[in-house]
There are 2 protein chains.
Amino acid sequence: MTGKELFIMKNKILLAIADGLGDRPCPSLDGKTPLQYANTPHLDRLAEKGSCGIVDLYRAGVPVGTDFGHMILLGGYDLKDYPGRGPIEAFGEGVELLPGDVALRCNFASVDGDFLVKDRRAGRIREGTGELARALNGLEIDGVQILFKEATEHRAVLVLRGEGLSDRISDTDPKVEDHRINFARALDGSKEAAFTAEVLNQFLIRAHEILGGHALNQKRLAAGQLAANAILTRGAGKMPAIQKVTEALHYTAACVAAESTVLGVARLAGFDVMTDSSFTGNLDTDVEKKAGMAVGALKDHDFVALHYKATDLMGHDNRPSGKVQAIEKYDHMLACVEQLIAAREDLGNVIIALAADHSTPCERREHSGDPVPVVISGVNIRRDAVLKYDEISCAAGALCRMKGADFQATLLDYLEVSPKQGN
Amino acid sequence: MTGKELFIMKNKILLAIADGLGDRPCPSLDGKTPLQYANTPHLDRLAEKGSCGIVDLYRAGVPVGTDFGHMILLGGYDLKDYPGRGPIEAFGEGVELLPGDVALRCNFASVDGDFLVKDRRAGRIREGTGELARALNGLEIDGVQILFKEATEHRAVLVLRGEGLSDRISDTDPKVEDHRINFARALDGSKEAAFTAEVLNQFLIRAHEILGGHALNQKRLAAGQLAANAILTRGAGKMPAIQKVTEALHYTAACVAAESTVLGVARLAGFDVMTDSSFTGNLDTDVEKKAGMAVGALKDHDFVALHYKATDLMGHDNRPSGKVQAIEKYDHMLACVEQLIAAREDLGNVIIALAADHSTPCERREHSGDPVPVVISGVNIRRDAVLKYDEISCAAGALCRMKGADFQATLLDYLEVSPKQGN
């Protein structure tokens, strides 16, 4: 028997993430933050039964996106590991990237014979994009393999796989209609960028030929719809040589979420992903079903992340009372989680953690660099004097102020998977 | 007059280190940590009279070993400075390594003529190993100088000193009996590793010849004992080019401890080491003698580290009440320290600091990445509101949460030895 086989895993982690939770005082909420103002008995009880703190996801005063914020919370990744939007969207659509792949976000679009863009979303096409994508998937251009997959509505992802590629190429999406496609240019003087731009441009021409002649587009034209006869690209990103954290440290993890971005980051970190059409990313999401799926996933996974989106939307929309409502629904989700865990005896000792991927203050309507409140709660967690889960109370907790990657490493240490340094 | 002569040292530091002190709530202690549960009036008074905080030795959530934890607390060293077990054991036995030396931990063993291991500990030999070691010490093989020194019981340390050596070689100890010695192999493709393995293997053959013919072994055989006629090696480590912190920053330091690992790290950092046979590393250690030796060392040293081991043992054995008892004895040791200092007028202003090299939670029975509580106490130390020395109370102190190397640098700053950056 090896040391690994002898090892008995006794703790499990459920990490709940409220997107964009952190905020600032709102005049309409008596100068409180939405989290201070909301009635959150279950979140507060979790805070009471553990260690609290505040977390700077990347570093103090630096806003992070949902994608990078989740790369930190789920995988402890660094900024140098951030691959850009293209690769994360590709993972979100289930395309597994390899180091060196260049991925781009795409639209199906309608162009004339001179590549003049008539509609950037091909008449907001929703049906048949899978069939069109399959007509492009598997092409090979100058030794570069083309992976192409449809995404939601008119969107798709393109992956270039081969030697000597670069993501230092320009977007081909002109962003406005009645302009020609901006054929890709190298953004630096490297031969890799020049080669990648050349391959991409050949692909765009081939795609126009293939899609223009596709039976589905003939049907669309016959029905008076715009043909989805071209591809626009943006957000090229090259997949760095990063390891899936679950493989690196030998544990199992799952992520329950609605957002393809979050699901993409979860796949990149080696998590199994779980979603449902009732998870809307808004106030009407089915939090009871979400809680059930997350607790169910604890059976076969050491670490389960449970993502909740509505808090972020309310911040972006500057709706403090809506954010209060979203937080109270999040509190209900955690109540369900606790009830479901209490009804199970087969899960071992479940540690519940609360976090957020960034702050989205209502007044700012965008992500900010304000730290987020966090909790690690459980019978074997040091219990501090904090009685309430909010941005201010948690700052006085036993975790003090931490970096996001340190918070993630702290959670993993309860799984006993992090190697000891020294002897 | 030089700048050094002009310099007047006004503070001295006594740093008490309770090994593995940090813990988690224990069900048998009413959900408190052993340190929260224990009656520690003297530790609490030290906390009251200074600044408290929590320390991540290396980084949050990452467990460290006793050796690396002490390299941080005593010398502020980084992971890249960590030389591995062999060199630290060599320092522990008083062998001063030079950068580039490769050190290995050894057993005296009994083998047959074909290097088949009959007993990995040579019948648990305890007498005469010094004489056997001297027969091997000073050999030279292919230009590499051999240093060999006995350690406790059947153990010894081997140092290879010369150009072009590597620690990327395999252990020769087969770990089980009735197997042949695993002659060393290179663990990478470098010529240095191949050369080092070759030198080591020649040494093992020479050692077998020399020990086999040694008069002491003839006597052992005649007395019906196993001959200590071979050497097994493990844990090769190459000494990095690190400077002794006391030499780099021009101060004097001493370490009072029982553990050879701690004493080894102390020597590596340039500390004088002080020990006594009454220091057992367990509950029966003579804490009053330890306190006396440490306070005595303050006369001629700017910085004195006083190590206490029993807390760690109790964590490894999952004995919460034993850990409480160990902590209360540690509290008594600090009471003695304070009394002895108060009775002296020749020591200057002594600042007393409390720390730990890592947490060893009882429930985990191993080191964890939980932060440890620290105190810096004295009349000229900022006084916060913390009244009790424990993992939770200290987190609310004026030091907040720090890295171990930052804590060590903070202590050194009271010695006024750290150069000012900028002007």
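The values are calculated or read from the model by the stated rules, or taken from the named source; none is laboratory data. Given the structure is predicted, the values throughout are model-derived calculations rather than measurements. Positions of Cβ are generated from backbone atoms using ideal geometry, with glycine treated the same way; all protein chains shown enter the neighbour counts.
Scan the stretch B:55-68 residue by residue and report those that are assigned to a strand (DSSP E or B) and within 7 Å of chain A (Cβ to nearest Cβ).
B:Val64, the sole residue that qualifies.
Anything in the stretch B:340-379 that is closer than 9 Å to B:Gly22 by Cβ and either surrounded by fewer than 24 Cβ atoms within 10 Å (Cβ to Cβ) or not hydrophobic (A, V, I, L, M, F, W, C) (or both)? List them, or say none.
Correct list: B:His358, B:Ser359, B:Thr360, B:Pro361, B:Ser368, B:Asp370, B:Pro371, B:Pro373.
Is it the case, given these coordinates, that A:Gly123 is touching a residue at least 60 places away in the same chain (Cβ under 8 Å) and assigned to a loop (DSSP other than H, G, I, E, B)?
Considered against the rule, which asks whether it is touching a residue at least 60 places away in the same chain (Cβ under 8 Å) and assigned to a loop (DSSP other than H, G, I, E, B), A:Gly123 comes out as yes.
Whether any residue in the stretch B:369-384 is within 12 Å of chain A (Cβ to nearest Cβ), in contact with a helix residue (DSSP H, G or I) (Cβ under 7 Å, 6 or more places away or on another chain) and among the acidic types (Asp, Glu) is what I want to check.
no
Those residues that are of a type in the set (Ser, Thr, Tyr) and more than 7 Å from every other protein chain (Cβ to nearest Cβ), I need them from the stretch A:406-423; list them, please.
The one that is of a type in the set (Ser, Thr, Tyr) and more than 7 Å from every other protein chain (Cβ to nearest Cβ): A:Tyr414.
Go through the stretch A:387-405 residue by residue and tally those that are surrounded by fewer than 24 Cβ atoms within 10 Å (Cβ to Cβ) and either more than 7 Å from every other protein chain (Cβ to nearest Cβ) or in contact with a Leu (Cβ under 9 Å, 6 or more places away or on another chain) (or both).
Of the residues in the stretch A:387-405, 8 are surrounded by fewer than 24 Cβ atoms within 10 Å (Cβ to Cβ) and either more than 7 Å from every other protein chain (Cβ to nearest Cβ) or in contact with a Leu (Cβ under 9 Å, 6 or more places away or on another chain) (or both).
Within the stretch B:8-39, take every residue that is of a type in the set (Val, Ile, Thr) and in a loop (DSSP other than H, G, I, E, B) and give me the one that is farthest from the other protein chains (Cβ to nearest Cβ).
Filtering first and then ranking leaves B:Ile8.
Quick one: is A:Gly235 touching a residue at least 12 places away in the same chain (Cβ under 8 Å), in contact with a Lys or Arg (Cβ under 6 Å, 6 or more places away or on another chain) and closer than 27 Å to A:Ala122 by Cα? Steps first, answer last, please.
Details: touching a residue at least 12 places away in the same chain (Cβ under 8 Å): yes; in contact with a Lys or Arg (Cβ under 6 Å, 6 or more places away or on another chain): yes; closer than 27 Å to A:Ala122 by Cα: yes.
So A:Gly235 passes the test.
Name the one entry in B:Val102, B:Val64, B:Val144 that is of a type in the set (A, V, I, L, M, F, W, C), in contact with a Leu (Cβ under 6 Å, 6 or more places away or on another chain) and in the same structural domain as B:Val386 (by TED's automatic domain parsing).
After applying the criteria, what remains is B:Val64.
Out of B:Ala310, B:Ala294, B:Ala269, I need the residue that is in the same structural domain as B:Thr252 (by TED's automatic domain parsing), in contact with a helix residue (DSSP H, G or I) (Cβ under 8 Å, 6 or more places away or on another chain) and either within 20 Å of B:Asn39 (Cβ to Cβ) or hydroxyl-bearing (Ser, Thr, Tyr) (or both). Which one?
B:Ala310
Examine the stretch A:174-187 for a residue that is over 28 Å from the mean Cα position of the chain (by Cα) and buried (at least 21 other Cβ atoms within 10 Å of the Cβ), and state whether such a residue exists.
yes
State which residue is modelled with the lowest pLDDT when the search covers only the stretch B:139-154 and only residues that are surrounded by fewer than 18 Cβ atoms within 10 Å (Cβ to Cβ) and out of contact with any Lys or Arg (no Cβ under 6 Å at 6 or more places or on another chain).
Residue satisfying both the conditions and the ranking: B:Thr152.
Being without any contact (Cβ under 8 Å) to a residue 24 or more places away in the chain and in a strand (DSSP E or B) is the filter here, so list the residues in the stretch B:266-307 that pass it.
Within the stretch B:266-307, B:Val273, B:Met274 meet the criteria.
Could we say that B:Gly189 is assigned to a loop (DSSP other than H, G, I, E, B) and free of Cβ contacts under 8 Å to residues at least 12 places away in the same chain here?
Yes.
Is at least one residue of the stretch B:353-362 away from chain A (no Cβ under 12 Å), assigned to a loop (DSSP other than H, G, I, E, B) and modelled with pLDDT of 95 or more?
Among the residues of the stretch B:353-362, at least one is away from chain A (no Cβ under 12 Å), assigned to a loop (DSSP other than H, G, I, E, B) and modelled with pLDDT of 95 or more, which makes the answer yes.
For residues that are in a helix (DSSP H, G or I) and under 17 Å from B:Gly270 (Cβ atoms), scanning just the stretch B:69-81, find the one that is nearest to the other protein chains (Cβ to nearest Cβ).
Per the criteria, the residue is B:Met71.
Results for (1) touching a strand residue (DSSP E or B) at 6+ places or on another chain (Cβ under 7 Å); (2) of a type in the set (Lys, Arg); (3) not in a loop (DSSP other than H, G, I, E, B), shown as yes or no for each residue.
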site: B:Thr152; (1), (2), (3): no, no, no
site: B:Ala156; (1), (2), (3): yes, no, yes
site: B:Leu160; (1), (2), (3): yes, no, yes
site: B:Leu165; (1), (2), (3): yes, no, no
site: B:Asp171; (1), (2), (3): yes, no, no
site: B:Lys175; (1), (2), (3): no, yes, no
site: B:Asn182; (1), (2), (3): no, no, no
